[in-house]
Amino acid sequence: MNRKELRLAYSFAVLNAVIIGLSFLFAKVALEHADPLDTLAFRFAASFLVMSVPVALGWFKLSYRGKPWYKVLLLASMYPLGFFTLQAYGLQHATSAEGGILYAFTPIVTMIIAAVFLKESTSVLQKLSIFLSVFGVVFIFVMKGSGIDWSNLTGISLLLLTCFAFAGYTVLVRSLSKQFSPAELTYLTLGVGFVVFMIVSFSSHAAGGTLDRFFAPLSSTPFVLSILFLGVVSSLVTSLLANYILSKMEASKMSVFANLSTIVSMGAGAMFLGEELTMYHLIGSVLIIAGVIGTNRLGRKRAAGIPSDESRANKGMKASAIKN
């Protein structure tokens, strides 16, 4: 991968974190008009239908023939299905602060899973940088007076599983990126999310005789605008970005960028909701940013200083050819 592609991947990773950070603001608006399951149904309906337009026009060339598409179904079971389902039910038994604290540990889980299944190696400094970024998020929540109620095992367990679901998704995308394009992975996973969440939500309302409540939120302009952002920008665009990033960057490096979304959500809350920003927010943000930079810059320097096995082999072949 050349430097231009690497810079583009890093730029996309930052943009991805910004979008995710803003999505919390729009999710709050959407949930004022509909329950979580209905919101997910409309969210993935918007993302899938919007992407279907360029697919139908031939702007995205998709080809699943001869490829292990069943692995993409496994990918979709982790994200969006597993992640959002576990998160929704987990937050019914736990607070959003607990969810934020536990989600911050996703880079650590990703690092471990990537090491096991992808054989990705991280230096000691990279590991310390990942922990520093996670500590920055936890520091902010703890200083706000938030914590984890360990007696609430149901909620805590479900929210911990979201970490494994998203980490598994990240690692599997990294593996599948050799066989599928970012558009192919995105379209199929969004399609699965659209079909499953729509069927479950619609069936639930039909069984309860509340179909009128299913369509009622669509009369609200704030809800529609929020769904368009969540569906088109926060689901479709971030999926395309993440799938591209993971085709160029190690899973452990990419995952730590997610903690930048905490900084963005704090800034958006202060700007649009009048939430207070204090010194501990600034300290935590500095720790997060330092951890992200350390994970990527330190690893790159180390990699640059140590030749790979392949490069050493090539040098050996050249030396042998010269001698001969």
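Points worth noting:
- Ligands, DNA and RNA left out, the 1.4 Å accessible surface of the range 1-88 is 67% carbon and sulfur atoms.
- Taking the average, over residues, of other Cβ atoms within 10 Å as the packing measure, peptides 249-261, 77-89, 199-211 rank 249-261, 77-89, 199-211 from highest down.
- Over 29 Å between alpha carbons, listed pairs 67/248; 28/61; 28/178; 4/144; 28/248: 28/61; 28/178; 4/144; 28/248
- If you plug the beta carbon distance of residue 203 and residue 271 into 1/(1 + (r/R0)^6) with R0 = 35 Å, you get a FRET efficiency near 0.35.
- Protection proxy ranking, peptides 278-286, 9-17, 168-176, average beta carbon neighbours within 10 Å, highest first: 168-176, 9-17, 278-286
- Note on residue 213: accessible area approximately 140 square angstrom, rounded to 10, probe 1.4 Å, nucleic acids and ligands left out.
- Under 5 Å between amide hydrogens, built in the peptide plane, is the criterion, and for residue 120 it picks out 115 among residues at least 5 positions away or on other chains.
- Helix 182-208 and the long axis of the chain differ in direction by around 20°, with both axes built from C-alpha atoms.
- Cα-based equivalent ellipsoid, the range 31-82: semi-axes from gyration tensor eigenvalues, Å: 26, 18, 5
- For the range 36-45, putting each phi into the Karplus relation 6.51 cos²θ - 1.76 cosθ + 1.60 with θ = phi - 60° gives couplings of x, 5, 5, 4, 5, 4, 5, 4, 7, 5 Hz, in residue order, rounded to whole numbers and with x for Gly and Pro.
- Under 14 Å from the residue 283 label point (7 Å along Cα→beta-carbon), backbone N, the range 131-153: 135-145
- For the chain, the longest principal axis of the alpha carbon atoms and the long axis of helix 279-293 meet at an angle near 40°.
- Using a cutoff of 8 angstrom between alpha carbon atoms and counting only pairs six or more residues apart, the relative contact order for the range 10-138 works out to 16 percent.
- 0 to 90° range, to nearest 10: angle between helix 83-93 axis and the chain longest Cα axis: 50
- The convex hull drawn around the Cα atoms of the range 141-205, when projected onto a plane and averaged over every direction, covers 7.3 nm².
- The mean of 1/r over all distinct Cα pairs in the chain, once inverted, gives the Kirkwood hydrodynamic radius of 21.0 Å.
- Solvent-accessible surface ranking, highest first, for 69, 150 at 1.4 angstrom: 150, 69
The values are calculated or read from the model by the stated rules, or taken from the named source; none is laboratory data. Because the structure is a prediction, the values reported are computed rather than measured. All Cβ positions, even for glycine, are placed from backbone atoms using ideal geometry, and neighbour counts span all protein chains on display. Protein only, heavy atoms only, side chains kept; ligands, DNA and RNA dropped before computing areas. Shrake-Rupley method; radii C 1.70, N 1.55, O 1.52, S 1.80 Å.
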